[in-house]
Structures are given as structure tokens and as C-alpha cells.
Amino acid sequence: MHFGKIYGSVIVVQLDNMNIEHQSILFKLLCMGVLKLMRTFAKYFMNALAKIQIGVTAFLTIAIPLLIVFQVLLRYVFRLPLMGIEELLMFPIIWLYMLGGANASRTRSHIECGILTLYIREGTKGRAIFNMVRVTVCVLVSCWLTYWAFFYLQYALRMMKSSPLLKLPMIVAESAVFIGLALMTLYAIIELVEVYRLSIRRLQGKEQEVL
């Protein structure tokens, strides 16, 4: 009878261990599924955001020259200048400027100082450290500018100014500053993650690979 109780206890303990293992496996599978879902959503979101940026930028790139040509024709050909076009141009120009900067950050084609890279060989540990410092400074500056742009946006929402002639809400143009800098910060953070991952791999590599 005593032996039967001990044997039964052993079976219960084994079943408990199996349940714990099964729960651990299920938890890992659940985490992997959630991560995969998040990555898929992030990829879809970034692709959709890129398409929107490209579309809006293309539209503004076409609209601005058309407005300028229209004003030139009215003023110098038909002698009928239309008041307010210069004021209206301010809105798409500001948006084009900020979205252009965001697109440059997304494609990583923005202007950067490459003097130091001439003295640091590609594929070395020094180049990896330099890249990490570079993207870190870029993210810090972008976050600092976005922080102050947010306060400027709050000020613009509170004041709700209008343009002098057409009485258009200036918030349409002023909001472009915050949105553009926020996009630049987002792309800078994505670049930081990728550069850190590659640089850490390089720093953990074999010494002869980086000499």
C-alpha cells in the first residue's frame, strides 16, 4: 500500500513536469507567433507609409511648378496677376521640404559628412564603432528637434493663425515641421537598430577579419 502511494506520487510529479514543459513550449510558440505578427505588421505599415510619402511628394513636386507657371502666365502674358498665389505656394513648399527630408532619411540618401570615413577602413572595428556613434548622435539630434517641434505644434494649435491674404489656417503648414521631423526620427531609429546589429556582429567577429 505504501509502495502504491509512492508510485502514484512519482506519476503525478512526472505529469506536472510534462505539463510545465508543454506550457513552456506553448508560451515560446505564442511569443514567436506574436513577434512574427508584429514584424509583418511593421513591414506592412512601413511600406504603406513609404507609398504615402512618395505619392504626396510627387503630387507636391508637380503642383508647385504648375502654380508658378500659372502665376507667370497671368502676370506677364495676360497682364492679370492673381493675388495670393505666392502665399498659397508657401504651404506645399514647406510640406515638400519636410517630406523631402523624411524621404532622404528613409532611403538614407541625405547629405552627410564623410570626411572621417576616408581615414577609417571599411570592415574594421573602428568603422563599426564610428557607425554606432554616428547613428546615435543622429537619433539624439532628431529626438531633440522633434521634441521642440512638438511644442511648436502645440503653440500653433493654440494660436490658430491665418495667412494674411487668403486667410488660410497656418496650422496646415506649421504641422509639417513636426510631422517631417517625427518621420526623420522614426527612420533614424530604424537605421540605428540595423547599424547596431551589424556593428555588434562585426565587433564580435574574429580579429583577423578586421585587421
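The values are calculated or read from the model by the stated rules, or taken from the named source; none is laboratory data. Computed from a predicted structure; not experimentally measured. Don't worry about glycine lacking a Cβ; one is built from the backbone with ideal geometry, like all the others, and counts go over all protein chains shown.
A few comments on the model shown:
- Number of residues in the range 121-160 that are surrounded by 14 or more Cβ atoms within 10 Å (Cβ to Cβ) and either outside any helix (DSSP H, G or I) or among the polar types (S, T, N, Q) (or both): the value is 5.
- Scanning the range 72-113 for residues being in a helix (DSSP H, G or I), of a type in the set (S, T, N, Q) and loosely packed, with under 14 Cβ neighbours inside 10 Å gives a total of 1.
- Selection status of Thr117, surrounded by 12 or more Cβ atoms within 10 Å (Cβ to Cβ), in a helix (DSSP H, G or I) and at pLDDT 95 or above: no
Table: residues versus (1) more than 22 Å from the chain's Cα centre (by Cα); (2) without any contact (Cβ under 8 Å) to a residue 40 or more places away in the chain.
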{"site": "Gly126", "(1), (2)": "yes, yes"}
{"site": "Asn131", "(1), (2)": "no, no"}
{"site": "Phe151", "(1), (2)": "no, yes"}
{"site": "Ser162", "(1), (2)": "yes, yes"}
{"site": "Ala176", "(1), (2)": "no, no"}
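- Residue in the range 49-66 that is free of Cβ contacts under 8 Å to residues at least 40 places away in the same chain, in a loop (DSSP other than H, G, I, E, B) and more than 25 Å from Arg202 (Cβ to Cβ) present: no
- Hits in the range 96-135 - residues which are out of contact with any Phe, Trp or Tyr (no Cβ under 9 Å at 6 or more places or on another chain) and on the phi > 0 side of the Ramachandran plot: Gly123
- Residue identified as over 26 Å from Pro169 (Cα atoms) and aliphatic (A, V, I, L, M) among Ile115, Ile85, Ile64: Ile115
- Subset of the range 161-195 that is in a helix (DSSP H, G or I) and not aliphatic (A, V, I, L, M) - its residue that is farthest from Ile93 (Cα to Cα): Glu194
- Conditions (1) among the hydrophobic types (A, V, I, L, M, F, W, C); (2) over 20 Å from the mean Cα position of the chain (by Cα); (3) surrounded by 14 or more Cβ atoms within 10 Å (Cβ to Cβ); number of the one not met by Ala188: (2)
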